[in-house]
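Structure first, commentary second.
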Amino acid sequence: KDTLIVWSEAENYDLALSFQEKAGCDEIWEKICQVQGKDPSVDITQDLVDESEEERFDDMSSPGLELPSCELSRLEEIAELVASSLPSPLRREKLALALENEGYIKKLLEIFHVCEDLENVEGLHHLYEIIKGIFLLNRTALFEVMFSEECIMDVIGCLEYDPSLSQSRKHREFLTKTAKFKEVIPISDPELKQKIHQTYRVQYIQDMVLPTPSVFEENMLSTLHSFIFFNKVEIVGMLQEDEKFLTDLFAQLTDEATDEEKRQELVNFLKEFCAFSQTLQPQNRDAFFKTLSNMGILPALEVILGMDDAQVRSAATDIFSYLVEYNPSMVREFVMQEAQQNDDDILLINLIIEHMICDTDPELGGAVLLMGLLRTLVDPENMLATANKTEKTEFLGFFYKHCMHVLTAPLLANTTEDKPSKDDFQTAQLLALILELLTFCVEHHTYHIKNYIINKDILRRVLVLMASKHAFLALCALRFKRKIIGLKDEFYNRYIMKSFLFEPVVKAFLNNGSRYNLMNSAIIEMFEFIRVEDIKSLTAHVIENYWKALEDVDYVQTFKGLKLRFEQQRERQDNPKLD
């Protein structure tokens with residue numbers, strides 16, 4: 001087809017070669033046809049009809065596939081049969097049925113024991129190929145036999161003897177000696193326990209034992225993925241229904257008498273439990289989080305986040321992130337209810353802000369995650385509005401009254417002078433994160449943030465950071481101001497003029513000198529915006545107060561353009577007829 005050569009292999013694989021030029025495509029096409037003894041002038045040379053007729057004939061003539069008797073001497077023959085059946089869908093089907101009907105897998109595993117006892121390496125290599133081939137048949141019925149309690153360790157044993165490796169792997173040793181099953185709270189249901197063991201081992205086979213599948217084999221292992229997926233769904237379901245189990249879990253989590261190591265394990269279990277739930281269908285996930293919510297997961301997290309153990313807190317933060325991503329409204333409702341009974345210090349959101357501020361990681365990995373969660377919680381886009389009340393009004397009112405002072409505390413503490421009192425990298429990173437959230441608030445929260453900025457003189461404090469030696473922080477401060485100017489709100493403009501808040505920006509511009517960098521461009525863009533949008537009050541303010549400092553800048557026309565705007569305004573005022 002023009003610049004494509006397309007063909008199919010087996011039933012589900014279509015392949016194509018694509019060429020840039022038609023001439024190149026034709027040349028290769030002729031070569032292929034020459035080798036195959038076909039006529040290159042014919043567009044379609046693959047005989048689809050013959051293949052299916054042959055299979056149909058095959059189908060009618062032989063009802064099933066004859067497997068060789070399961071003996072040590074015939075392992076090579078069995079391995080060849082399995083390998084030769086994989087490419088043809090029909091033969092795969094027959095092979096799978098034959099293996100199912102004759103209880104063949106168990107017989108193979110008996111031979112495996114014989115081979116191991118005799119140290120028959122050749123036989124073990126054949127068994128590896130046979131078992132790997134059976135995996136690629138992609139049949140749930142076969143998996144159920146292979147993953148049963150009595151067979152699974154032998155199946156893993158067969159997969160230890162990969163002929164391409166000089167030495168066998170020690171997978172069984174790892175699973176029996178190294179991997180430990182921790183029962184944080186005793187699981188009374190033997191079926192559930194069995195499921196958990198099985199899932200761990202099958203996941204281990206998928207991730208560690210089987211070689212990385214090639215492009216073709218990827219589809220052949222889809223049933224293995226599904227097997228693990230449905231097992232996880234069942235485990236979450238069974239644990240969820242076991243009320244005693246969950247009640248014990250939450251009781252021990254929040255009990256002060258629980259020792260640290262035990263609590264660490266309980267929290268890790270809960271985190272893994274939440275991670276499993278990500279595989280559930282939406283309605284099952286709803287039920288899952290409802291159960292956790294009814295069990296009191298949020299008050300429990302609040303207790304854990306107030307503890308000293310950093311590892312426990314970190315796992316609790318991960319659990320909190322699952323809850324926020326799943327249902328921010330549920331978290332907001334809880335926080336507002338508890339605010340009626342508790343002091344601000346121990347509110348869940350304030351604990352989260354505290355952890356963000358106190359993150360000891362030099363790269364602030366934890367703080368970045370927590371900032372993202374806070375952003376989700378204060379984002380009006382995902383807030384609900386019902387007929388009688390709006391979540392936005394209620395929650396933002398609460399947030400600005402009870403939490404905003406905790407968030408801005410590090411900023412205010414560091415900007416009491418003309419330049420930042422602490423200017424190390426970690427402090428700068430934290431302040432940049434706080435500014436990012438404040439900038440988000442300016443964009444989305446209208447009057448709440450406006451009252452806060454003007455009453456607490458926040459912009460003046462933020463602009464102190466323009467003097468930071470870290471360019472990224474100075475630019476964050478500038479971006480915050482640019483967002484405010486972008487709103488073209490006269491309330492903000494009057495506040496900026498009254499407090500002379502262009503001073504730190506002009507100062508930073510002059511200190512930057514003739515360097516052509518991001519700072520230079522960003523400051524010029526701010527003045528250019530004022531000129532283009534013709535914000536009259538700010539234009540007059542800038543020219544009246546800072547023209548002397550800026551009149552020599554002639555590599556852009558921005559400042560001269562501002563002066564021109566200013567003079568036109570004046571003329572109109574002096575001569576009303578012109579307006």
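The values are calculated or read from the model by the stated rules, or taken from the named source; none is laboratory data. Worth saying up front: this structure is predicted, and the values here are computed from it rather than measured. Using ideal geometry, Cβ is built from the backbone for each residue, glycine included, and neighbour counts are taken over all protein chains shown. Just the protein is used for accessible areas: all its heavy atoms, side chains included, with ligands, DNA and RNA removed. Shrake-Rupley method; radii C 1.70, N 1.55, O 1.52, S 1.80 Å.
Being modelled with pLDDT of 85 or more, among the aromatic types (Phe, Trp, Tyr), open to solvent by less than 40 Å² (accessible area, probe 1.4 Å) and out of contact with any His (no Cβ under 7 Å at 6 or more places or on another chain) is true for just one of PHE227, PHE174. Which residue is that? Unique residue meeting the criteria: PHE227. Are any of the residues in region 159-167 open to solvent by 50 Å² or more (accessible area, probe 1.4 Å), without any contact (Cβ under 8 Å) to a residue 24 or more places away in the chain, touching a helix residue (DSSP H, G or I) at 6+ places or on another chain (Cβ under 6 Å) and of a type outside the set (Phe, Trp, Tyr)? No, region 159-167 contains no residue that is open to solvent by 50 Å² or more (accessible area, probe 1.4 Å), without any contact (Cβ under 8 Å) to a residue 24 or more places away in the chain, touching a helix residue (DSSP H, G or I) at 6+ places or on another chain (Cβ under 6 Å) and of a type outside the set (Phe, Trp, Tyr). Close contacts from region 122-147, counting a first residue that is polar (S, T, N, Q) and a second that is open to solvent by 10 Å² or more (accessible area, probe 1.4 Å), with Cβ to Cβ under 6 Å and a gap of 6+ residues or different chains, come to ASN138/MET220; ASN138/THR223; THR140/THR223.
Answer yes if at least one residue in region 232-240 is free of Cβ contacts under 8 Å to residues at least 24 places away in the same chain and closer than 27 Å to GLN281 by Cβ, and no otherwise. No. Within region 430-457, the set of residues being over 27 Å from the mean Cα position of the chain (by Cα) and farther than 20 Å from THR393 by Cα comprises LYS456, ASP457. Looking across region 118-153, the residues that are outside any helix (DSSP H, G or I) and either of a type in the set (Val, Ile, Thr) or crowded, with 18+ Cβ neighbours inside 10 Å (or both) come down to LEU137, ASN138, ARG139, PHE147.
For region 177-188, the count of residues that are surrounded by fewer than 15 Cβ atoms within 10 Å (Cβ to Cβ), over 33 Å from the mean Cα position of the chain (by Cα) and modelled with pLDDT of 90 or more is zero.
Filtering region 316-329 for residues that are among the polar types (S, T, N, Q), more than 18 Å from VAL406 (Cβ to Cβ) and within 19 Å of the chain's Cα centre (by Cα) leaves a non-empty set. Would you confirm, using the coordinates I've provided, whether GLU217 is within 22 Å of GLU93 (Cβ to Cβ), modelled with pLDDT of 90 or more and among the acidic types (Asp, Glu)? Taking the combined requirement at face value, the residue does not satisfy it. Residues being without any contact (Cβ under 8 Å) to a residue 40 or more places away in the chain and farther than 30 Å from PRO380 by Cα are entirely absent from region 442-456. Going by what's in this entry, would VAL542 be described as surrounded by fewer than 17 Cβ atoms within 10 Å (Cβ to Cβ) and farther than 28 Å from MET404 by Cβ? For VAL542, the condition - surrounded by fewer than 17 Cβ atoms within 10 Å (Cβ to Cβ) and farther than 28 Å from MET404 by Cβ - is not met.
Let's see how each residue does on (1) outside the structural domain of LYS177 (by the TED database); (2) open to solvent by less than 60 Å² (accessible area, probe 1.4 Å):
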position: TYR204; (1), (2): no, yes
position: LEU210; (1), (2): no, yes
position: GLU243; (1), (2): yes, no
position: LYS271; (1), (2): yes, no
position: ASP286; (1), (2): yes, no
position: SER293; (1), (2): yes, yes
position: ILE304; (1), (2): yes, yes
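For region 395-429, filtered to residues that are open to solvent by 80 Å² or more (accessible area, probe 1.4 Å) and not polar (S, T, N, Q), the residue that is nearest to the chain's Cα centre (by Cα) is PHE425. Among the residues making up region 525-536, those that are in a helix (DSSP H, G or I) and open to solvent by 20 Å² or more (accessible area, probe 1.4 Å) are GLU525, GLU528, PHE529, ARG531, VAL532, LYS536.
ALA339 meets each of the listed conditions (1) touching a His at 6+ places or on another chain (Cβ under 7 Å); (2) open to solvent by 30 Å² or more (accessible area, probe 1.4 Å) apart from (2).
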